1. So which residues in the stretch 173-197 are aliphatic (A, V, I, L, M) and modelled with pLDDT under 85, if there are any at all?
2. Take residue 126 and decide whether it is of a type in the set (A, V, I, L, M), surrounded by fewer than 13 Cβ atoms within 10 Å (Cβ to Cβ), out of contact with any strand residue (DSSP E or B) (no Cβ under 7 Å at 6 or more places or on another chain) and modelled with pLDDT under 75.
3. Any idea which residue in the stretch 156-197 is nearest to the chain's Cα centre (by Cα), counting only those that are over 30 Å from residue 104 (Cβ atoms) and part of a helix (DSSP H, G or I)?
4. Pairs under 9 Å by beta carbon, first residue within 24 Å of residue 77 (Cα to Cα) and assigned to a helix (DSSP H, G or I) in the stretch 140-155, partner of a type in the set (S, T, N, Q) and at pLDDT below 85, six or more apart or different chains?
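The values are calculated or read from the model by the stated rules, or taken from the named source; none is laboratory data. Here the structure is a predicted model, which is why all the values come from computation and not from measurement. Reconstructed Cβ throughout: ideal geometry from the backbone, glycine too, with neighbour counts over all protein chains shown.
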Amino acid sequence: MASYWAADSKLHSTPGSLASFIAELTGQGPDAQGDSVNCSLAAFFICNATLHLTGESWRRCKEWAPSLTANKSPLHAAIDVVRLARIFYAARLATRNSTHCKPWPVVDLRKLDPLSRKKSGVLFALDNPAVAEIARQLPQKCERLDGLFESVTQKWFARTGAQKPRLGSKPICTVDIDAMTPTHWQLLGRLVPKCLH
């Protein structure tokens with residue numbers, strides 16, 4: 001679930017929290033289009049699980065996806081940095097005349113050509129060193145989520161006969177908002193669109 005959230009969040013300049021993402025997905029059934037069959041693992045995660053494509057766009061994506069050599073996800077905390085920077089920006093607008101502030105650029109990369117994802121001037125967790133650097137400076141809390149899906153995971157391995165991993169998953173580290181100080185919020189303020197005084 002955390003990987004799915006991270007992949008989806010990379011495509012938005014206004015990502016939601018991991019908790020809200022899990023809450024939104026709770027209770028959803030399998031893909032009604034049946035597009036998860038007969039495709040590579042890369043195609044499944046990119047075309048089905050992340051982009052939710054169907055029809056001709058899914059077929060084109062299915063052919064394109066295996067050609068990718070790497071898909072490095074940002075730190076989970078970097079996604080929080082973008083989300084919290086958006087909250088910081090909204091608070092700034094509430095205290096100033098918003099006509100003197102640059103607008104927050106809202107972009108959904110799923111609607112752009114997947115081969116040209118760079119969009120200058122837009123705050124994304126993906127490929128943004130400033131976001132990653134601030135994420136490292138903010139307080140974080142880390143959790144292992146293995147136990148949350150233990151019974152479902154065991155059933156899946158039993159049903160598929162797949163080999164279980166030798167090691168458990170890595171901890172998921174997100175920004176600990178309760179431990180943030182004014183200095184941390186000032187770091188986030190460096191990322192948001194500027195306002196005239």
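1. Our first condition is that a residue be aliphatic (A, V, I, L, M); within the stretch 173-197, this holds for 175, 177, 179-180, 187-188, 191-192, 196.
Within the stretch 173-197, just 196 meets the criteria.
2. Details: of a type in the set (A, V, I, L, M): yes; surrounded by fewer than 13 Cβ atoms within 10 Å (Cβ to Cβ): no; out of contact with any strand residue (DSSP E or B) (no Cβ under 7 Å at 6 or more places or on another chain): yes; modelled with pLDDT under 75: yes.
Against the criterion (of a type in the set (A, V, I, L, M), surrounded by fewer than 13 Cβ atoms within 10 Å (Cβ to Cβ), out of contact with any strand residue (DSSP E or B) (no Cβ under 7 Å at 6 or more places or on another chain) and modelled with pLDDT under 75), residue 126 does not qualify.
3. Of the stretch 156-197, the ones over 30 Å from residue 104 (Cβ atoms) are 156-171.
Next, from what is left, pick out any that are part of a helix (DSSP H, G or I): 156-160.
On the way: 156: 25, 157: 26, 158: 30, 159: 29, 160: 28 Å.
Here the residue is 156.
4. 146/153; 146/169
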